[in-house]
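So the structure is just underneath, and the comments pick up after that.
Coordinate-derived values only; no laboratory data. Since the structure is predicted, the reported quantities are computational estimates derived from the model, not experimental observations. Backbone-built Cβ (ideal geometry, glycine too); neighbour counts: all protein chains shown.
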Amino acid sequence: MVWVHDREVTARHEQLFHDDLRDCREVTLDEVRSWGWARRYRNSAARLLSNLL
């Protein structure tokens, strides 16, 4: 969690969040189950490394 006290920074990050929401889509369980092993492996590796990125 991050606490930001600068109104301009807060407004910019809020706008980025809403832009991301507009550009994303829901992923269904059936879609995830249809992914190949390479994609699942890549996603697992990214999840493990996410704190370092």
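Consider segment 1-20 and keep the residues that are part of a helix (DSSP H, G or I) and within 23 Å of ASN51 (Cβ to Cβ). The one that is nearest to the chain's Cα centre (by Cα) is ASP20.
Can you pull out the residues in segment 24-43 that are of a type in the set (S, T, N, Q) and surrounded by 11 or more Cβ atoms within 10 Å (Cβ to Cβ)?
Of segment 24-43, the ones of a type in the set (S, T, N, Q) are 28, 34, 43.
Residue satisfying the conditions is ASN43 alone.
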